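Some notes on the structure that comes next.
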Amino acid sequence: MAQENKSLHWWQRGVVYQIYPRSFLDSNNDGIGDLNGIIQKLDYLNDGTEKSLGVDAIWLSPFYPSPMADFGYDVADYCNVDPMFGTLADFDRLVEEAHKRGIKVIIDYVPNHTSDQHPWFIESRSSRDNPKRDWYIWRDPKPDGSPPNNWGSFFGGPAWTFDEATGQYYMHQFVKEQPELNWRNPEVKEAMLDVLRFWLDRGVDGFRMDVVGLLIKDKDLRDNPPNPNARPDLPENDIYGRLLSVYNEDQDEVHDIIKEFRKLLDSYDDRVGIGELWGPLDRWIRYYGENGNELHLPFNFRLMWQPWSSKAMRACVDELEGALPPFAWPNYVLGNHDQPRLATRFGGQAQARLAGMMLLTLRGTPTVYYGDELGMENGVIPPEKIQDPQGINLGPERTRDVARTPMQWDSSPYAGFSQVEPWLPVSADYQTRNVVAQSQEPNSMLNFYRRLFWTRRRSQALCEGAYKPVDLSGSEPDDCFIYLREQGGERKLVALNFAGQPCKALTGLTGRGRIVLSTHMDRDEEIDLSAIELRPYEGLIVDL
């Protein structure tokens, strides 16, 4: 599709940096990161100079009051801060201090489910005739006493728990402590819109909306059909994995709710709505809205799941670019709190550098996960220290804790994250892979990311420009992904070698260009554009 060029919003030009608050910095020595810890490190993120990363926005995973059955995604109060993270006054100071540095603040909004300790659910389960009974999804058992349908929880077992006191089941597609709200009830919708208003009025710049495609379920709660491609080695309790998600997510009526989210956001000045979504491209793309009246950015996880191959990466990007309507802005993610660490998933530090260059030079908004700028790898979590309910219920190999280990600030005990033992073990490499050590190494991963962020910030072509892939002929080996970014007379070429051996990429381009940045950080010479020579896993940004 054609790519519109017009003045861009901050959420289009900027880089988003995801912070998992529990794991960023512990300011009060209880082993858990907190809001004041984030405030202390805002200058690391962006102090206006190239000594900092140059982050444009931070996205905070949940910090709300919660029993922590799913580490904050089980919300007991949508309009407050859990004492382990601080206070509302701390949050207000965080917003104020971030804004002073030009950093926008995006927070998690968890609309699909609450904690079973939320006052709404406590009322709802108190009796069948309580006014809030219909705020959640309750159903009678089948005649044999079994759950109302065959749906499974993402975290194992059925998506239903029986309540002895009232004789009905309630729905939860995550842990049983996360009952699902009934978004077909207009009172629920109004209460949850009020939550958005509460934070917007406090100066929040946008929301990452958790599992937003799940909000509406099939009205008749029909059984999901079996998944013919289910893995044969699934754990016995993985009911969800054995079924196709036909009736429990991505129902057409959900778009009406998201339009209301967007209308509310648009009533404020330049706020952003980002949605956590999965599914085939043709269904995913609908969440932008027919005329761009739904999500600003439906999160795009497709690159994260591609094999380490230039062909796969390019095909994924080209497919997205070809499908987007002109009003839709692309975005890319390579790591988050639910997936294995980028450096581990793609095979090592060299691959992680190349992936980082791709992420920050493609057209659209990139989101970087905390610690990826250090090349942090999966933590090693002994089985007895697993915290994540997914790992506890479905097996140690499924734990997400490996991507949630404490940020590595320095070589002191506990990596400078805390002065006491943290909630998860610090990775074994923290004494060398940390902010202080890497700041002192000119060619470190951290300094590479700093150069990458600031190169992007200063380039109209990289922030705003059109994307044009370059077809290669006769390249050996054939594992290079090369593309042009062009805007306002500025032209940049990005060349990425996904192979573990040198590559001479024959581009068909003419003329010469100057290297702006290499993943190896040791080249600034002019090169012949017709035959670009790349070392193993090397990426280049070239000024044309």
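The values are calculated or read from the model by the stated rules, or taken from the named source; none is laboratory data. The structure presented is a predicted model; accordingly, all values stated were derived computationally and were not measured. Glycine also receives a Cβ, built like all others from the backbone with ideal geometry; neighbour counts cover every protein chain displayed. Just the protein is used for accessible areas: all its heavy atoms, side chains included, with ligands, DNA and RNA removed. Shrake-Rupley method; radii C 1.70, N 1.55, O 1.52, S 1.80 Å.
Worth a mention:
- Residue in segment 129-148 that is of a type in the set (S, T, N, Q), out of contact with any Gly (no Cβ under 6 Å at 6 or more places or on another chain) and in contact (Cβ under 8 Å) with a residue 12 or more places away in the chain present: no
- Residue within segment 280-298 that is out of contact with any helix residue (DSSP H, G or I) (no Cβ under 9 Å at 6 or more places or on another chain), surrounded by fewer than 20 Cβ atoms within 10 Å (Cβ to Cβ) and not in a loop (DSSP other than H, G, I, E, B) present: no
- Considering the conditions (1) crowded, with 21+ Cβ neighbours inside 10 Å; (2) touching a Leu at 6+ places or on another chain (Cβ under 9 Å); (3) among the basic types (Lys, Arg), ARG302 is excluded by exactly one of them, (1).
- In a residue-by-residue description of segment 507-516, the property of being assigned to a strand (DSSP E or B), more than 20 Å from GLN460 (Cβ to Cβ) and not small (Gly, Ala, Ser) applies to at least one position.
- Selection over segment 135-186 of residues that are surrounded by 21 or more Cβ atoms within 10 Å (Cβ to Cβ), part of a loop (DSSP other than H, G, I, E, B) and over 27 Å from the mean Cα position of the chain (by Cα) gives a count of 2.
- Residues of segment 379-404 classified as of a type outside the set (Gly, Ala, Ser), open to solvent by less than 50 Å² (accessible area, probe 1.4 Å) and not in a helix (DSSP H, G or I), total: 7
- Filter result (in contact with a strand residue (DSSP E or B) (Cβ under 7 Å, 6 or more places away or on another chain), of a type in the set (A, V, I, L, M, F, W, C) and either surrounded by fewer than 22 Cβ atoms within 10 Å (Cβ to Cβ) or not in a loop (DSSP other than H, G, I, E, B) (or both)) within segment 343-378: LEU354, MET357, MET358, LEU359, LEU360, VAL368
- Answer from LEU8, LEU42 - the residue that is in contact (Cβ under 8 Å) with a residue 12 or more places away in the chain and either touching a Pro at 6+ places or on another chain (Cβ under 6 Å) or open to solvent by less than 30 Å² (accessible area, probe 1.4 Å) (or both): LEU42
- Within segment 327-364, the set of residues being under 30 Å from SER7 (Cβ atoms) and charged (D, E, K, R) comprises just one member, ARG363.
- GLY37, sole failed condition from (1) within 27 Å of TYR449 (Cα to Cα); (2) open to solvent by less than 10 Å² (accessible area, probe 1.4 Å); (3) in contact (Cβ under 8 Å) with a residue 24 or more places away in the chain: (3)
- Test result for MET407, in a helix (DSSP H, G or I), crowded, with 23+ Cβ neighbours inside 10 Å, touching a residue at least 40 places away in the same chain (Cβ under 8 Å) and of a type in the set (A, V, I, L, M): no
- Within the set TYR467, TYR430, TYR483, the sole residue that is at pLDDT 95 or above, open to solvent by less than 70 Å² (accessible area, probe 1.4 Å) and either within 30 Å of GLY379 (Cβ to Cβ) or touching a Gly at 6+ places or on another chain (Cβ under 7 Å) (or both) turns out to be TYR430.
- Residue check, ALA437 of a type outside the set (Ser, Thr, Tyr), assigned to a helix (DSSP H, G or I) and over 22 Å from the mean Cα position of the chain (by Cα): yes
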